[in-house]
Amino acid sequence: MEQKRIIQLLTRKLAGEATSEELLELDELLALFPEALYYEEVLNQITFKDELQEEIDIDEAFALHEQKYGHEFADDNQKGPATNLKRRLVTRWLVAASLITITSFAVFLLYRNKKSNNVSYTPDTEIVCGKRMRKKIVLPDGTSVWLNTNSKLQYDEAMLNKDRREVRLYGEAFFDVAKDKKHPFIIHTEKIAVKVLGTAFNIKAYPGDAVTETTLIRGLIELSLNSDPQRKILLRAKEKLALNESVLNEHNDKSAAPPIHNQLVIENIEPVEISNKDYIEETSWLQNKLVFKDESFEELVPKLEKWYNVTFKINNKTAAGYRFTGILENETLTQALTEMQIIRPFKFKITANDVVTIN
């Protein structure tokens, strides 16, 4: 649980033991959970060194600790400097224990507040990106959004006057979110919700697609499944999450809605090398490039359909299994299919109503 990690990192920070990497991780988590900034401020106002020593009798605490765990101590010949060390360790242990108690209560309140803030969202503005179009828009908070073809973004013009900046996405978009620690940015899609404060990432969530993908370029984001909102997933820079959500047909209670099976795959982003150049497959569309790596023709068809605004019919089962790696930029559909023919043998026909038949 990330709440427990926040407790650990806050404890180490306030005890003066946190490493630079841990401090960076804490900053990212506190940015992701802005409500925790209040509790951090409360804890920072506590002068543990002075107040704890006034309230706690260290000698008495050490005596009790030595009585209980004396068999683990070194022999009595080392009692001089070792005793001072033991006393310091006991003091630090008491500070840490106090911090954990206070911070645990803070995180409990944080969780309760987060749960109560789970309200419905109704946008008032809609931007639609049509077929074979890509469009950049800037939201009222300064966030830049690049919409891919056949995509739609809904948001509230008065988002800056609310506690949370919320948008709803149908399709694919790349977000470069303006930083605002006091107002989390939340993207709602058909299957997932993504929460950030300031970062860059890509979401591919076309209605009807079997797989929903989120690719994080920098920063830290929190994802939750609409079918299981209590389950939180943290995604870090250069990571990608793919959700394949399917309905289980076999279940005992036929009167109830069938359960949903979620297959989650998290992996590192691996550049695709083509002609001695590296490309990020998931975000290549921003440069008007369609990049694919070791994909079967059948897997590639949905991408080609969106890219060229056509419909494919594959009648050749052998051709459906052909695998391709490549990049398309300025090629027409005929040019693209002809280049693929050079690699693998198949025949194609493009009809007047934009239906492509593969034989």
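Working note: Karplus 6.51/-1.76/1.60 with θ = phi - 60° gives the stretch 269-280 the couplings 6, 10, x, 9, 9, 9, 6, 6, 10, 9, 10, 8 Hz, where Gly and Pro are set to x. What is the set of long-range amide H partners of PHE348 at a cut-off below 5 Å, with H atoms built 1.01 Å from backbone N? Close amide H contacts, sequence-distant or interchain: ASN359.
Solvent-accessible area assigned to carbon and sulfur over the stretch 262-359 amounts to 45 percent, based on a 1.4 Å probe. Amide H contacts for ILE192 (H built 1.01 Å from N in the peptide plane; partners 5 or more residues away or on another chain; cut-off under 5 Å): ASN226.
Stretched out straight at 0.36 nm per residue, the stretch from VAL355 to ILE266 would grow longer than its current Cα-Cα span by 28.6 nm. With all protein chains kept in place, the per residue accessible area of the stretch 310-357 amounts to 63 square angstrom at a probe of 1.4 angstrom. What is the percent carbon and sulfur in the accessible area of the stretch 121-187, measuring with a 1.4 Å probe over the protein chains and ignoring ligands? With neighbouring chains kept in place, the figure for the stretch 121-187 is 46 percent.
Any of LYS195/LYS293; LYS182/LYS238; LYS182/LYS289; LYS232/LYS306; LYS131/LYS191; LYS135/LYS238 with alpha carbons more than 27 Å apart? Name them for me. Beyond 27 Å: LYS195/LYS293; LYS182/LYS289; LYS232/LYS306. Per residue, the accessible area of the stretch 187-227 comes to 26 Å², computed with a 1.4 Å probe over protein heavy atoms only.
The values are calculated or read from the model by the stated rules, or taken from the named source; none is laboratory data. None of the values given here were measured: they were computed from a predicted structure. Ligands, DNA and RNA are excluded from the accessible area calculation, which covers all protein heavy atoms including side chains. Shrake-Rupley method; radii C 1.70, N 1.55, O 1.52, S 1.80 Å.
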